[in-house]
Amino acid sequence: MPFSPFSPTPASHLHRVSIVGGAGKVGSTLGQRIAEKNLADVVLLDVVDGLPKGIALDLMEARGIEAHNCLISGTTDYADTAGSDVVVITAGLARKPGMSRDDLIKTNARIVVEAAKNAIAYSPDAILIVVTNPLDVMTYLAKQATDLPRDRVMGMAGVLDSARFQTFIAMELGICSVDIQAMVLGGHGDLMVPLPAYSTIRGIPITELMDTATIERLIHRTRQGGAEIVELMQTGGAYFAPASSTCLMVEAILHNQSRLIPAAAYLQGEYGLQDVFIGVPCRLGRGGIESILELRLSEAERDALHTSAKSVRESIEQAIAMLKR
């Protein structure tokens, strides 16, 4: 046998991210994003035997072309996710035309609770990011199931909602999206709360550049952003932008960037809300949610945030009742 100075097994990456539901469109696209940014080794976990391994192998075969050094593996066994720094849950039923996020509660509640328990059993120090819809409810159930501290459990929503608002502002004004910072709070649904005064173009509030009617039209489209894609695609929902949004959060955590990012966080008095996950500006770093920023809201915005939180709370109670049956 010829002598080789090289190890037959590639060196492992510094970090590890496991994606539960990794063979789905959001999960597999997220795995691709993480690997191609050279952020971490990726484990794709799913329930269909062979599928996550096939997707992982396909992504590994592109590794040399994309010039990254991350290992990507597929599995159906939670034991293979052990030692993860971040666990992302994307598993669950996807929306279909005419279906609201809340219609998904019954099926996805059981999936997310089981996924969170199993993943954290093997990675007790991991930070948990939930992507499954209805997102705020599923994040609450994941925290309840794992009993993790609130800084280590969060939902991906505000990044995506803000990115949609950002996109629609850019399309309306013909301005590069990179120059736009948008801010959307509240639940990930029809009652989300876009904040025009905190949405700016190079520091200039959009209220200075668009009339009220135009802004309201863009807000409405933002609230319907996911449903619009579902109706157009017919056979599924968005996955490119959700994957990019989640990857942004993973990168902020693994690289300890202390980025101010809107995420679904567990509130204990912030914004006058208790015992609920809702989208708010969070500083994300290696410890997860390092702090929550309380913005100065108008009375109407605060009322809208509380209305959104009330709706989330009702859905949480519905989900908990379903799990007890």
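Find the Cα radius of gyration of segment 16-155, compare it with 2.2 N^0.38 Å by division, and give the number to two decimals. Display every interim value, and only then the final one.
Values: Rg = 14.5 Å, N = 140, 2.2 N^0.38 = 14.4 Å.
The reported ratio for this selection is 1.01.
Nearest 20 debye, what's the magnitude of the dipole of segment 16-155 about its Cα centre given +1 on Lys and Arg Cβ and -1 on Asp and Glu Cβ? Kindly include the intermediate steps, with their values, before the conclusion.
Numbers: 15 positive and 17 negative charges, 85 e Å.
Computed about the Cα centre, the dipole is about 420 debye.
Each label point is 7 Å from the Cα along the Cα-to-Cβ direction; what then is the distance between the points at Asn256 and Ile65, in nm?
3.6
Which of Thr29, Thr107, Thr90 ends up with the largest GNM mean-square fluctuation for the chain, with Cα atoms connected below 10 Å?
Thr107
Testing the spin-label approximation: label points 7 Å from Cα along Cα→Cβ at Ile320 and Ser177. State their distance in nm.
3.8
Where the Cα atoms of segment 127-284 are projected onto their three principal axes, how long is each span, largest first, in whole Å?
Principal-axis extents of the Cα atoms in segment 127-284, largest first: 46, 38, 31 Å.
Hey, what's the Kirkwood Rh for the chain if you take every pair of different alpha carbons, in angstrom?
On the way: mean 1/r = 0.0497 Å⁻¹.
After inverting the pairwise mean of 1/r, the radius is 20.1 Å.
Angle, helix 105-122 long axis vs. longest principal axis of the chain, Cα atoms, 0 to 90°, nearest 10?
50
Could you work out the local net charge near Arg325, counting Lys and Arg as +1, Asp and Glu as -1, over the other residues with Cβ closer than 13 Å to its Cβ? Can you show the working numbers first?
Details: positive: Lys106, Arg110, Lys324; negative: none.
Local charge sum for Arg325: +3.
List the lysines whose Cα sits under 20 Å from the Cα of Lys25, skipping any in the same chain fewer than 8 residues away.
Lys37, Lys53, Lys96
How high is the relative contact order of the chain, in percent, counting Cα pairs under 8 Å that sit 6 or more residues apart?
Details: 656 pairs, mean separation 53.2, N = 325.
Across the chain, relative contact order equals 16 percent.
Just name one of Val137, Val88, Val48: the one whose Cα is farthest towards the positive end of the charge dipole of segment 16-155 (beta-carbon charges, Lys/Arg +1, Asp/Glu -1).
Going by the charge dipole, the pick is Val137.
Where the centre of each part is set by its Cα atoms, how far does segment 135-183 sit from segment 210-243, in angstrom?
So the separation of the two Cα centres works out to 14 Å.
Mind checking the angle between helix 212-223 and the chain's longest principal axis? C-alpha axes, 0 to 90 degrees, to the nearest 10.
Once rounded, the angle reads 30 degrees.
Using a cut-off of 15 Å between alpha-carbon atoms, which aspartates and glutamates can reach Lys310, once sequence neighbours fewer than 8 places away in the same chain are excluded?
The qualifying aspartates and glutamates are Asp102, Asp136, Asp190, Glu270, Asp275, Glu301.
Per 0.36 nm of contour for each residue apart, how much would the distance between Ile204 and Gln234 grow if the chain were fully extended, relative to their Cα-Cα spacing?
On the way: separation 30, 0.36 × 30 = 10.80 nm, distance 3.77 nm.
Working it through step by step, the gained length comes to 7.0 nm.
Taking only Cα atoms, what is the 0 to 90° angle, nearest 10, from helix 240-254's long axis to the longest principal axis of the chain?
70
Work out how much length Asp211 to Leu191 would gain on full extension: take 0.36 nm times their residue separation and subtract the Cα-Cα distance, in nm to one decimal. Provide the component values of the computation, followed by the final result.
Values: separation 20, 0.36 × 20 = 7.20 nm, distance 2.18 nm.
Here the segment from Asp211 to Leu191 would lengthen by 5.0 nm.
Distance in nm between label sites at Asp275 and Asp147, each 7 Å beyond Cα in the beta-carbon direction?
Label at Asp275, label at Asp147, 1.8 nm between them.
Just need the Rg to Rh number for segment 272-325, please, alpha carbons only, Kirkwood Rh. Write down the numbers at each step before the final one.
Details: Rg = 14.0 Å, Rh = 13.1 Å.
Rounded to two decimals, Rg/Rh equals 1.07.
Given Cβ point charges of +1 (Lys, Arg) and -1 (Asp, Glu) and nothing else, what value in debye, to the nearest 20, does the dipole of the chain about its Cα centre take?
Numbers: 29 positive and 36 negative charges, 62 e Å.
Approximately 300 debye in magnitude.
Every number here is computed from the coordinates shown, using simple stated rules; none is lab data. The shown structure was predicted, so the numbers you read here are calculated from the model rather than taken from an experiment. Ideal geometry is used to build each Cβ from the backbone, glycine not excepted, and the neighbour counts take in all protein chains shown.
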